[in-house]
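This report concerns only the one structure given below.
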Amino acid sequence: AQKITQTQPGMFVQEKEAVTLDCTYDTSDPSYGLFWYKQPSSGEMIFLIYQGSYDQQNATEGRYSLNFQKARKSANLVISASQLGDSAMYFCAMRGGGTSYGKLTFGQGTILTVHP
Amino acid sequence: GAGVSQSPSNKVTEKGKDVELRCDPISGHTALYWYRQRLGQGLEFLIYFQGNSAPDKSGLPSDRFSAERTGESVSTLTIQRTQQEDSAVYLCASSLTSGRMNEQFFGPGTRLTVL
């Protein structure tokens, strides 16, 4: 079975500072993918970044980067230069292999609040 | 409008009634997924369709839940004899295939309230 754990129910950050959102995962599949999604108060799910289990380098997308530590089974999201519009719920998710292929397993989410 | 669309956006029903939720995926996307999100929670996988393959129904919580998909287009999620614990936002997503990364694009969801 796959499991995603996000231990931070809420995080606060000052505008223009960097923030790290934690995510650990558990799977027995050798091949898997890790995703981060943003969900603003409007409810839409916005894809941010993806990391494959065999990718050698940490993924980056603009101000988002994924700190992938495979041995520790962690995939933390780093947001640099926070903006007020970054205030939202953030979900870490995993797609495994085998019979789990295709579907995403989500964590409980972290609410990020950016202060001016 | 090239995104995933869902209807209705809101549905209020009485306990015991049946409801149908509709999802129109992005044109050309062969994979379609249904998730449920209870208030303040993460998303729970319900079911996914990939082309003409048998759907993966492993996330459906009970036999009151079912879903159909016509070819590679519209999907309908049906909940029979609704219960109050079925109240949630039901999200649909689609992707090009269910391959390596293939980002899932989400619709705006249907908020279901069972009184």
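General observations
- Antiparallel DSSP beta bridges within chain B, as percent of all bridges there, nearest 5: 90 percent
- For chain B, averaging the sequence separation of C-alpha pairs within contact (under 8 Å, six or more residues apart) and dividing by the residue count gives a relative contact order of 38 percent.
- Lysines with Cα under 26 Å of B:Lys11, excluding same-chain neighbours fewer than 8 positions away: A:Lys38, A:Lys103, B:Lys57
- Extension gain, A:Lys16 to A:Lys73, is 17.7 nm, computed as 0.36 nm per intervening residue step minus the present C-alpha separation.
- Simple label model, 7 Å out from Cα along Cβ direction - B:Ala2 to A:Asp29, nm: 2.8 nm
- Where labels lie 7 Å past Cα in the beta-carbon direction, separation of A:Gln83 and B:Leu115 in nm: 4.2 nm
- The protein assembly as shown pair-distance distribution - Cα-Cα, 10 Å bins, rounded %: 8, 33, 35, 20, 4, 0
- Footprinting exposure proxy ranking of A:Tyr50, B:Tyr35, B:Tyr48, A:Tyr64, fewest other C-beta atoms within 10 angstrom first, gives A:Tyr64, A:Tyr50, B:Tyr35, B:Tyr48.
- Equivalent-ellipsoid semi-axes of the range B:2-115, from the Cα gyration tensor, Å, largest first: 23, 14, 13
- Cα pair distances exceeding 14 angstrom across the range A:27-67, given as percent: 53 percent
- Gained length - B:Glu14 relative to B:Thr78, 0.36 nm times residue gap less alpha-carbon distance: 21.6 nm
- Residue order, fewest to most surrounding Cβ atoms within 10 angstrom, among A:Met11, A:Met89: A:Met11, A:Met89
- Intensity falloff of the range B:13-66 expressed as log10 I(q)/I(0), Debye formula with alpha-carbon point scatterers, at q = 0.23 Å⁻¹: -1.10
- Just so you know, the Rg over Rh for chain A is 0.96, from Cα atoms, with Rh as the Kirkwood radius.
Taken together, the values in this text are just the output of simple stated rules run on the coordinates, not laboratory data. Every value quoted in this text rests on a predicted model; they were computed, and no experiment measured them. No Cβ is skipped: glycine too gets one built from the backbone with ideal geometry, and neighbour counts run over all protein chains shown.
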